[in-house]
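The numbers here are math on the coordinates, done by the rules we state, and not lab data. Only a predicted model underlies this, so the values are computations on that prediction, with no experimental measurement involved. Note that we place each Cβ from the backbone using ideal geometry, even for glycine, and neighbour counts take in every protein chain shown.
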Amino acid sequence: MVDYMAIIIGAMFINNFVLVRFLGLCPFFGVSRKTSSALGMGLAVIFVMTVASVVTSVIYIYLLEPRGLDFMKIVVFILVIAGLVQLIEMAIRKYSPDLYKSLGIFLPLITTNCAVLGVALLNVSTDYGLIPSVVNGLASGAGFTLALLIMSGVRERLELADVPEAFKDIPVAFVSAMFMGMGFAGFSGVV
Amino acid sequence: MPILADLKNAIIYSNPVFVLLLGLCPTLAVTTSLENALGMGMCVIFVLVLSNVTISAIKNFIPHQVRIPVYIVIIATYVTVVNLAMEAYLPDLYDQLGLYLELIVVNCIILGRAEAFASRNSVSSSFVDGIGVGIGWTLAALLVSFIRGVMGNGSIIIWGDIGIRGILETPATAIGLPYGGFLTVGVLLAAFAYIGNRKKQKSECKGVERW
């Protein structure tokens with residue numbers, strides 16, 4: 001149990017995907033203008049990251065590694081993730097149109113989100129087994145969502161602030177991200 | 001000089017990182033030293049040029065509906081080649097770049113150029129385009145890593161032992177840490193926005209004078 005706690009806290013806070021590892025910056029700055037869309041994107045990322053961790057770990061542990069094909073992992077993983085996102089999109093559209101309405105537009109964006117491929121590659125490079133990989137995927141997605149939600153709250157306030165012309169929109173978001181990163185740096189050494 | 005003007009335009013006014021906001025993740029992640037940025041830049045140029053050339057060479061055989069998966073497989077193949085070569089010949093740099101070397105495959109610049117340029121143009125012009133865009137990204141990464149290296153570490157390390165150390169007596173270590181990357185890139189983005197705004201204003205003023 002302690003191991004899993006370490007993985008969860010490590011992935012969510014200490015090595016936060018956005019603020020420390022710099023993965024998934026495009027949606028972090030692109031979808032963080034409103035809290036509602038940030039929440040939708042965050043939930044979609046948690047879902048896809050967890051499922052992608054399961055599938056890529058199974059493929060790597062039972063298919064690629066025993067046959068000495070681990071050098072194929074980049075090609076295989078990116079194709080699996082792209083196919084998986086398509087499949088999830090189709091399944092959600094069929095079985096839960098309401099959920100599709102709120103998450104649907106974010107799903108295609110996730111294929112090119114480097115955080116999803118990042119977590120899959122990280123799982124195999126740190127030699128996690130199947131269960132730790134799933135925990136890591138879930139916690140990394142939760143960490144991404146946490147950062148995205150805080151950012152969207154900050155940016156809703158920034159809309160009202162008097163920001164210098166050159167700093168408007170994205171540059172000031174980067175500076176805010178720096179302050180968030182400083183906060184998250186305080187977590188280092190917790191585990 | 002039209003070529004110089006084109007180059008200036010490509011590097012300053014439509015810089016892939018600071019103006020188009022493409023390929024941000026590696027720009028922040030690998031720019032802790034000039035050496036890392038240079039190594040990453042070479043890998044990006046290599047993958048970009050080869051994928052551009054390959055895609056433009058076979059563009060007539062790719063069915064339109066499945067073009068994106070085909071592009072991704074081609075790019076992923078070259079990224080694997082780069083990874084294996086780096087692991088064998090430059091193991092130190094490979095360890096430093098780590099995950100981000102593998103993640104070149106989801107760098108939006110490369111897929112973007114494949115879709116927007118290589119799938120419509122000849123092999124030779126795709127080759128030139130790959131080199132140009134790759135150098136644009138590398139210059140941006142070098143700029144960020146130069147600032148972060150000098151301010152955060154007090155050193156300019158170009159490759160291995162070649163470089164200058166001890167420029168600052170008490171470097172601001174925070175600039176070299178992850179959140180310092182956000183600050184550096186944020187300020188640079190603002191600087192590029194300022195230059196862009198001023199150019200726009202100038203051209204508007206000229207228009208007013210003509211009236």
Exercise. Can you list, bin by bin at 10 Å, the percent of alpha carbon pairs in the protein assembly as shown, starting at 0?
Worked result: 5, 20, 32, 28, 12, 3, 0, 0
Exercise. Helices from chain A with mean Kyte-Doolittle at least -0.5 and a Cα length along the axis of 18 Å or more, per DSSP H: which?
Worked result: A:35-59, A:73-95, A:130-158, A:170-185
Exercise. For segment A:24-185, what's the radius of gyration and Dmax over Cα atoms, in angstrom?
Worked result: 17.4, 60
Seminar exercise, completed: From fewest to most C-beta neighbours within 10 Å, the residues A:MET182, A:MET49 line up as A:MET182, A:MET49
Problem set entry | Helix-only mean residue ellipticity at 222 nm for chain B, each DSSP H run of n ≥ 4 adding -39500 (n - 2.57), per residue, nearest 500 | -22500 deg cm²/dmol
Exercise. Per residue of B:99-108, what is the mean number of Cβ atoms on other protein chains within 10 angstrom of that residue's Cβ?
Worked result: 6
For this session: Within 10 Å of each Cβ in peptide A:22-29, how many partner chain Cβ atoms are there on average? Round it to a whole number, please.
Result: 6
Problem set entry | Total formal charge among the other residues, if their Cβ is under 11 angstrom from that of A:LEU122, Lys/Arg +1 and Asp/Glu -1 | -1
For this session: Report the residue, chosen from B:ARG67, B:ARG165, B:ARG198, that carries the largest GNM mean-square fluctuation when chain B is represented by alpha-carbon nodes joined by springs under 10 Å.
Result: B:ARG198
Problem set entry | Most to least packed among A:63-69, A:150-156, A:126-132 [average Cβ atoms within 10 Å] | A:150-156, A:126-132, A:63-69
Problem set entry | Prolate/oblate/rounded call for segment B:2-205, Cα gyration tensor, a/c under 1.5 rounded | oblate
Exercise. Given the rule -39500 (n - 2.57) for each run of at least 4 DSSP H residues, summed and divided by the residues of chain A, what is its mean residue ellipticity at 222 nm, to the nearest 500 deg cm²/dmol?
Worked result: -22000 deg cm²/dmol
Exercise. Roughly how big is the protein assembly as shown's charge dipole about its Cα centre, with Cβ charges of +1 (Lys, Arg) and -1 (Asp, Glu), in debye to the nearest 20?
Worked result: 1200 debye
For this session: Evaluate peptide B:15-27: per residue, the Cβ atoms of other protein chains within 10 Å of its Cβ; return the mean as an integer.
Result: 3
Exercise. So which aspartates and glutamates can A:LYS168 reach, going by Cα to Cα under 19 Å and dropping same-chain residues fewer than 8 places off?
Worked result: A:GLU156, A:GLU159
